[in-house]
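Scroll down for the structure; my scribbles are underneath it.
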Amino acid sequence: MRIRRIVDLSVPVGSGTQVYPGDPEPRLTVHATVPEDGFNLLHVQMGSQTGTHVDAPYHFRDDGPRLHDLDLGLFTGPGVVLDVRGLAPRTPITSDIIDPAGLGPGVIALICTGWSRFYGTEAYFDHPYLDADACRKLLDLGVRTFCIDAINIDETPSPIGYPVHHLIARAGGVIGENLRNLELIDFPDPLVSCLPIALEDADGAPVRAVAYEVEL
């Protein structure tokens, strides 16, 4: 196998990283420098849902698996891009606009809204969001990993709670949020990796999500 191309699906983490309203803002400060200490070292403070990240079921269920309990296979595998670009702000992504071709167990659903172009602005919070019925149908197909190029797979804020988060958590699945560049995956059968930092007892963690174009 040869890797022909890597598409970076992650936003950088720094002082300008956009966070969900009320979440901790990341702070990266210099802890040590070469002139003073002989090496450079950053002091990093951030929430578990910072930047491009994944949610474990524990994020919404006290009885759900925490991050370290999950099979790493949930975070790697073949990806299918669900291109739903062109939707208006705060539009639900319904099952009739999702092409289910290629979806099934072990497949990572990459929901491409195109909304990452608004990252860093107030408009980023007005993203389209996955409809609960559409989520149920994807779960029925066997999908357990859902990634979206928006700050939330549910509406932000959600007037009816977080139905999609609860559905996926109940199924033992994971959610990836704040991805970008999904529209750049213009090759067939991408191999996707969104492996999280191995935080103990965590509800989620930042990831460096990428899509590989591979040649067998």
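The values are calculated or read from the model by the stated rules, or taken from the named source; none is laboratory data. This one's a predicted model, so the numbers in the text were calculated from it and none came from an experiment. Please note: Cβ atoms are built from the backbone with ideal geometry, for glycine as well, and neighbour counts cover all protein chains shown. Just so you know, the surface numbers come from the protein's heavy atoms only, side chains and all, with ligands and any DNA or RNA stripped out. Shrake-Rupley method; radii C 1.70, N 1.55, O 1.52, S 1.80 Å.
Residues in the range 82-122 that are aliphatic (A, V, I, L, M), open to solvent by 20 Å² or more (accessible area, probe 1.4 Å) and outside any loop (DSSP other than H, G, I, E, B): 97 only. Whenever a residue of the range 155-177 is under 18 Å from residue 203 (Cα atoms), its partners that are of a type in the set (S, T, N, Q), lying with C-beta atoms within less than 6 angstrom and at least six residues away or across chains, give the pairs 174/145. The residue of the range 146-168 that is modelled with the lowest pLDDT, among those that are open to solvent by 10 Å² or more (accessible area, probe 1.4 Å) and either aliphatic (A, V, I, L, M) or in contact with a strand residue (DSSP E or B) (Cβ under 6 Å, 6 or more places away or on another chain) (or both), is 160.
Got a sec? Which of 182, 130, 141 is under 30 Å from residue 1 (Cα atoms), among the hydrophobic types (A, V, I, L, M, F, W, C) and crowded, with 17+ Cβ neighbours inside 10 Å?
On the way: 130 fails: under 30 Å from residue 1 (Cα atoms); 141 fails: crowded, with 17+ Cβ neighbours inside 10 Å.
It is 182.
Check whether at least one residue in the range 132-149 is within 17 Å of the chain's Cα centre (by Cα), assigned to a strand (DSSP E or B) and of a type outside the set (Val, Ile, Thr), and report yes or no. Yes, the conditions are met somewhere in the range 132-149.
Count of the range 4-18 residues, restricted to those that are among the β-branched types (Val, Ile, Thr), surrounded by fewer than 17 Cβ atoms within 10 Å (Cβ to Cβ) and either under 14 Å from the mean Cα position of the chain (by Cα) or at pLDDT below 95 (or both), is 0. Inspection of the range 54-73 finds a residue satisfying the criterion of being within 22 Å of residue 183 (Cα to Cα), within 14 Å of the chain's Cα centre (by Cα) and open to solvent by less than 30 Å² (accessible area, probe 1.4 Å). When the range 1-27 is limited to residues that are in contact with a Lys or Arg (Cβ under 9 Å, 6 or more places away or on another chain) and in contact (Cβ under 8 Å) with a residue 40 or more places away in the chain, the one that is nearest to residue 215 (Cα to Cα) turns out to be 8. Residue pairs whose Cβ atoms lie under 6 Å apart, separated by 6 or more positions or on different chains, with the first residue in the range 193-216 and within 17 Å of residue 46 (Cβ to Cβ) and open to solvent by 70 Å² or more (accessible area, probe 1.4 Å) and the second assigned to a loop (DSSP other than H, G, I, E, B) and polar (S, T, N, Q), are 208/10.
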